[in-house]
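Asks: Supplied in structure tokens, the structure appears directly below.
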Amino acid sequence: MDRTRCALAAFLPPLPPFFVGRKTPSIKNIRATAKWHTKAVNRTMKNQPPEILPTSIPVPTILVQTSSYIWFYLYTCFKKLPGTQYIISYVRKSHQDDPYRTMVEIVLIIYGIIYFLGKPSKKGQQRGPELTSREVESLLEEWEPEPLVQTDDRNAWRLQKIPVVHATPTDKYVDLTRNDDREVYSKVLNCASNNFLQISRDARVLEEVKRTIKNYGVGSCGPAGFYGNQDVHSNLEYDLARFFGTESAVLYGQDFCVAASVIPAFTKRGDVIVADDRVSVSLQNALQLSRSTVYYFKHNDMESLEDLLRELTEHEKEENLPALPRKFIVTEGLFHNLGDIAPLPDLVRLKEKYKYRLFVDETFSLGVLGNTGRGITEHFNLKRETAVDITVGSMATAFGSSGGFALGDHVMSHHQRIGSFAYCYSASLPAYTVRSMSQMLGMLEQDSSAVIHLHELSASMHSFFKEDTELAKYIEVTSCPASCILHFRLTADFRLHKFGSSEEQIFAEISALQSKNISNKFIEAYEQEDKFLQSIVDTALADHNVLITRNTIVLKHETLPVTPSLKFSCNALMTEQELQDACVAVKNAVLKCCA
Amino acid sequence: MASVSNTKVPFIPPPEISVEDKKDNEFGQLTSKEFLYEVRSRQKKPLRDPILDAPPYYVSVITYLNYLILIILGHIHDFLGLTFRKDRHPDIIEKDGLAPWYSKFESFFVRRMKKRIDDCFSRPTTGVPGRFITCIDRISHDLNEYFTYPGTTTMCLNLSSYNYLGFAQSEGQCTDAALKVVDEYGIASRGPRAQIGTTDLHVLAERYIANFVGKPDAMVFSMGYGTNANFFNSFLDEKCLVISDELNHTSIRTGLRLSGAAVRIFKHNDMDALEKLIRDQIVQGQPKTHRPWKKILICVEGLFSMEGTMCNLPRLVELKKKYKCYLFIDEAHSIGAMGPEGRGVCDYFGIDPSEVDILMGTLTKSFGAAGGYVAADKDIIERLRIDLTTSNYGESIPIPVLAQIVSSMRTIVGELKPGEGKERLQRIAFNSRYLRLALQRLGFIVYGIADSPVIPMLLYAPSKMPAFSRMMLQRKIAVVVVAYPATPLIESRVRFCVSASLTKEDIDYLLRHVNEVGEKLFLKVSTGRAGGSLDGRPPRWDIDEVIRRTPTDCKDDKYFLI
């Protein structure tokens, strides 16, 4: 017995009694162990091969013998490598001098390596059953794709209703055709334009535009990083920052892209965004691209927001994160789909209290709100520099040029120039649009009468529709008096009565379609309502020569509840009388269609 | 009032020169009929597998060492800066309980490596980016912390703008057309296309574009990036698969991410890998559920702007037909610049555009305008007009830009100033081939195919980028250097964008200086495997001989590996 055990002990320290057979440890055993130990040391020093292995383990002797020889020679070779004695002593110590345990663990490690190497490389790409080449061919043959786009005749009316505007000396009255020139209208009062201030056709602006095209050509032929940024771009950024009271501004080629590029430039997984639940599609896209966790608060409801922020803050404390996440409150100045204003002072109070940054999409409010057109901060008598961290604006709305921009501090702007995709990977704006905007800002700075006039018109338009009792039966106005677009939609009762639908129902239906991934997202009730609203637009155009427009919503892109609505916008070129006439005309059109 | 940056770029008044000089600065006159090359259609012949030249090993080792030193220095810099000069790092330090705008780790590359060579990027310019570009001088302070502007300018030979056909001009029929519509329509975009943003000029421009690219219908957008970024979500969803080339532009990736479609990547231009992937995906279907995909869209670019390579259209069309996939080609760089008639990749390969499902492109580059287009069959476009977000929510493309698009397209097809369009196409083809072959013969490693107007020349070590860019600027040549993350880490490169507005003499001037700088910076490392050499030895031609012999040689396909 003693001799047999010596084999292992020859090259490794003696085994504790527990491992040697299934005997209960006894004093004799322990003493014996001590004895082997001294023998083992002697033997190792002489470097002799082992004799015979323990018989207490029920395995064939030949197997035990071979493995013990292999183990011995491996061990001896391993010891020849320089520095291995440290590894051996480390392994011994950590395994409390237990060779079996070491062996088992080495086997486990080898198994682990084999297991990982043998696994399919990516999750979700596990190999199915092996297919024969005939099966593969038949599967390839079988596969029938859907058409690239789903055509549906039931929506085709939308295309026919798109007005095509022709060259006119002024934007107030326009000539237009529809449905491939089958319908022709001339001298139509334009109440659909987003060009509210109507200063982009001022002689001074046009002169500047022509001078710029004469000196710079039309396109800039390069992205900003590669020689695309001209002196005019830098100057406009300076002018914008100065006009709106921020440290810096960054120009973008298209307004719709700005938010969807700025937000993802700063957010990553784990960051938190708290957004209003009625934001427009461009912000919805931005939130989707942001990778962060998005929470919605009830539209313009500050209690809902505060509850949410409090909850999130508590939650964050519990989680004990390694680094502070970036946190944003996202909202719009004048809401794209509703036309009401975000309560900025409360938002600023909350963002300061809960340490959030405020992002405001002012596509429709810059140039409109505030006595000099400086947007929502001026409307509430706040300083943009401290109140709003990122402002996104458009030059294609009130200012009537094209492109978009983001306002904020130096650090934030600087990072956009490196990390914002729409800035880095797209050509910069044509020089003439940039110069026209600079010119217009200069003009507004000197004379903001257009803005004041626009406010008066907006207020009277709003009160006309809001106070009319006849209209109240059919439509509700969602916009505020300061908005120069009057948003109105059918009342919930009327909608239920006429189309048997409600906002919630439509939202539930579209969500269901989206979750089922149905390609053609068509909802009959929604389509009928939209079509009905278009008939109001058509009546106003045919009977009264006034052009208003549907709020064109693509239902399949909306991830938040929306309702079809109409937009009636005024602009600074209109006189009070013209606007009143137009209001009466629209009212008659509504009554004619609804009654 | 907030503090606005004090160091703004000064507004440079236009120089007072005669109209003839101005025209010549924007578009050089052709000096000899010999310097024209008529591109021939490839008659559906697929491209051969590309051969990439690799530099000697020591170049890669030096490049990695270079990065290593930069990274170590950067970390020391960071450590010292964050310990002693906290006020200089407001961007990465928590402040008032707000997280920093971006994390220290993510921004390390930008702060500590890109910043060192910031003076090579975003150089402000003024005037027309034509044959010459007027760079505004600037002085760098405090390791590019800020710049000041003495108010002087430098006129440089322009190898940096995407002005392929030379339509960046402020004189000529295109400018006249743009000026004319300013009076007629104004400049305002009024609103989204579906509401009131459409004018008869939009309709006209779309018809011209459709005709030009050879598709039944087209639609235009005000921004090229925005076209792609907001395009795919209107017809793709989670159950659709997109197979995308690994080097596709960010705009396509953004658009695909927004659509939620499953994306699989294949190795750049590797058609066998693509076929294997398609077969595998059709057979295996969606992950986990193994249901078949609704549809499979192959996304490639016509001309890859960082590599100068083209998609292998004949093979793509073959695969697409065989496996019933759809094919989307982004022709941002190829439209106008490639093909016998400038109509892009289809024209170049002699393939009917109807074989490709969707052709997208930008109008910024060859046409000297701005924006992008999508061309496809009529029913597809009509559906997209209803479904796209950009046409329903975003601004429409501005009027003067449309005039530029229409007039430049009419020039190319010969409706305006007959012969001029043809000449522009032949000039860019000659210039591209001449510069490419000459660089190869001088011993530089150049990527891409023979006719590509984008010629990337490899620099490898990151320190050679700023050196090359600054030395070229001293020699009054504006070039673009690109590095990681736009390229693989060790393949920093300079990109020459050839234009039809350059004359042969301009390219000679460029070659002499590139040769000189290249010798100083040890850039001549090519082995000749990928072109420039017919005998298999590393080409190291003498500059005078290159200039003497290449103009005629470059017209012969045998000198190129295509």
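The values are calculated or read from the model by the stated rules, or taken from the named source; none is laboratory data. Being a predicted model, the structure only gives us computed values, none of them experimental. All Cβ positions, even for glycine, are placed from backbone atoms using ideal geometry, and neighbour counts span all protein chains on display. SASA here: full protein model, heavy atoms, side chains in, ligands and nucleic acids out. Shrake-Rupley method; radii C 1.70, N 1.55, O 1.52, S 1.80 Å.
Asks: Under 5 Å between amide hydrogens, which residues at least 5 positions from B:TYR447 or on another chain qualify, with H placed 1.01 Å from N in the peptide plane?
Replies: Close amide H contacts, sequence-distant or interchain: B:LEU458.
Asks: Estimate the FRET efficiency between B:ARG88 and A:ARG182 by the formula 1/(1 + (r/R0)^6), using the beta-carbon distance for r and 51 Å for R0, to the nearest 0.05.
Replies: The value I calculate is 0.15.
Asks: Using a 1.4 Å probe over the heavy atoms of the protein chains, calculate the carbon and sulfur portion of the accessible area of the range B:348-420 as a whole percent. Intermediate values should be presented prior to the final figure.
Replies: Numbers: 730 of 1580 Å².
With neighbouring chains kept in place, the figure for the range B:348-420 is 46 percent.
Asks: Also: Treating only the Cβ atoms of Lys and Arg (+1) and Asp and Glu (-1) as charged, compute the dipole magnitude of the protein assembly as shown about its Cα centre; round to the nearest 20 debye.
Replies: Approximately 6060 debye in magnitude.
Asks: Sticking with this structure for a sec: Would you pull out the residues with amide H under 5 Å of A:ILE475's amide H, same chain only if 5 or more places away, H placed 1.01 Å from N?
Replies: Result for A:ILE475 returns A:THR491.
Asks: With everything on Cα atoms, drop me the angle between helix A:255-266 and the longest principal axis of chain A, reported from 0 to 90° to the nearest 10.
Replies: The helix A:255-266 is inclined about 30 degrees to chain A.
Asks: Among DSSP bridges having both ends in chain A, what percentage is antiparallel? Round to the nearest 5.
Replies: About 60 percent, rounded to the nearest 5.
Asks: If the cut-off is a Cα-Cα distance under 14 Å, which aspartates and glutamates reach A:LYS531, setting aside same-chain residues fewer than 8 apart in sequence?
Replies: Within the straight-line cut-off, A:LYS531 pairs with A:ASP153.
Asks: Along the principal axes of its C-alpha atoms, what lengths does the protein assembly as shown span, in descending order and rounded to whole Å?
Replies: 118, 80, 70
Asks: Something else: Taking the 0 to 90 degree range and rounding to the nearest ten, how far is the long axis of helix A:133-142 tilted relative to the main principal axis of chain A, both from C-alpha atoms?
Replies: 10 degrees
Asks: Could I ask something else about it? About the Cα centre of chain A, what is the dipole size in debye to 20, counting +1 per Lys and Arg Cβ and -1 per Asp and Glu Cβ, all else neutral?
Replies: For chain A, the charge dipole is close to 4860 debye.
Asks: Roll a 1.4 angstrom probe over the protein heavy atoms and tell me the percent of accessible area of the range A:203-446 that is carbon or sulfur.
Replies: Roughly 47 percent of what the probe reaches on the range A:203-446 is carbon or sulfur.
Asks: Nearest 10 degrees is fine. How inclined is helix A:449-467 to the longest principal axis of chain A, computing both from alpha carbons?
Replies: The angle comes out at about 90 degrees.
Asks: Now, a different point. If R0 is 22 Å, what FRET efficiency do you get for B:LYS95 and A:ASP346 from their C-beta distance, rounded to 0.05? Mind showing how you got there, number by number?
Replies: Working: r = 23 Å, r/R0 = 1.06.
That pair, B:LYS95 with A:ASP346, gives E of 0.40.
Asks: Just for chain B, what percent of DSSP beta bridges are antiparallel, to the closest 5? Can you show the working numbers first?
Replies: Values: 31 of 50 bridges.
In chain B, approximately 60 percent of DSSP beta bridges are antiparallel ones.
Asks: Take every Cα pair under 8 Å in chain A that's 6+ residues apart, average their separations, divide by the length, and report that relative contact order as a whole percent.
Replies: 15 percent.
Asks: If I model a spin label at A:ASP581 and A:SER89 as a point 7 Å from the Cα along the Cα→Cβ vector, what separation in nanometres do I get?
Replies: With each label placed 7 Å out from Cα toward Cβ, I get 10.4 nm.
Asks: Please find the FRET efficiency linking A:SER463 to A:ASP307, where r is the Cβ-Cβ separation and R0 is fixed at 25 Å, and quote it to the nearest 0.05.
Replies: Taking R0 as 25 Å, the efficiency between A:SER463 and A:ASP307 is 0.15.
Asks: Please get the size of the charge dipole for the range B:193-240, origin at its Cα centre, with Cβ charges of +1 on Lys and Arg and -1 on Asp and Glu, quoted in debye to the nearest 20.
Replies: So the dipole magnitude of the range B:193-240 works out to roughly 80 debye.
Asks: Provide the percentage of antiparallel DSSP beta bridges, counting only those with both residues in the range A:203-446; round to the nearest 5.
Replies: If we restrict to bridges inside the range A:203-446, about 40 percent are antiparallel.
Asks: At A:GLN160 and A:ARG134, where each label point lies 7 Å from the Cα along Cα→Cβ, what is the point-to-point distance in nanometres?
Replies: Rounded to a tenth, the inter-label distance reads 5.5 nm.
Asks: Here's something else I'd like to know. Once a ≥ b ≥ c are taken as the square roots of the eigenvalues of the Cα gyration tensor of the range B:119-161, is the result rounded (a/c under 1.5), prolate (a/b larger than b/c) or oblate (a/b not larger than b/c)?
Replies: prolate
Asks: Find the all-direction average of the projected area of the Cα convex hull for the range B:173-413, expressing the result in square nanometres with one decimal place.
Replies: Averaged projected area of the range B:173-413's Cα convex hull equals 12.3 nm².
Asks: What relative contact order, as a whole-number percentage, does chain B give when Cα pairs under 8 Å and 6 or more residues apart are counted? Mind showing how you got there, number by number?
Replies: Details: 1080 pairs, mean separation 113.3, N = 562.
It rounds to 20 percent for chain B.
Asks: Send over a whole-number figure in Å² for the accessible area per residue of the protein assembly as shown, probe 1.4 Å.
Replies: Computed with neighbouring chains in place, this is 40 Å² per residue.
Asks: Right, here's the next one. Okay, helix-only estimate at 222 nm for chain B: each DSSP H run of n ≥ 4 adds -39500 (n - 2.57), divide by all residues, round to 500 deg cm²/dmol; what do you get? It would help to have the intermediate numbers written out before the result.
Replies: Values: 16 runs with 200 residues, N = 562.
My calculation for chain B gives -11000 deg cm²/dmol from helical runs alone.
Asks: Whose amide H sits under 5 Å from the amide H of B:ALA262, counting only residues 5 or more places off or on another chain, with H placed in the peptide plane?
Replies: Hits under the 5 Å cutoff: B:CYS240, B:VAL242.
Asks: From the phi angles alone, apply the Karplus equation (6.51, -1.76, 1.60; θ = phi - 60°) to the range B:326-336 and give each ³J(HN,Hα) in whole Hz, x where the residue is Gly or Pro.
Replies: Once rounded to whole Hz, the list reads 9, 10, 10, 10, 8, 9, 3, 9, 8, 5, x.
Asks: Note down the net charge around A:ALA422, summing +1 for each Lys or Arg and -1 for each Asp or Glu among other residues with Cβ under 14 Å from its Cβ.
Replies: That works out to +1.
Asks: Another question, then. So how much accessible area does A:TRP143 have, in Å² to the nearest 10, using a 1.4 Å probe?
Replies: Only protein atoms counted, so the area is about 10 Å².
Asks: How big is the B/A interface in buried accessible area, both sides summed, 1.4 Å probe, to the nearest 100 Å²? Please report the intermediate quantities before stating the final value.
Replies: Values: alone 26170 and 31760 Å², together 46390 Å².
Interface between B and A: roughly 11500 Å².
Asks: With label points built 7 Å along Cα→Cβ from the Cα atoms of B:VAL413 and A:ALA542, find their separation and express it in nm.
Replies: Going from the B:VAL413 label point to the A:ALA542 one covers 3.6 nm.
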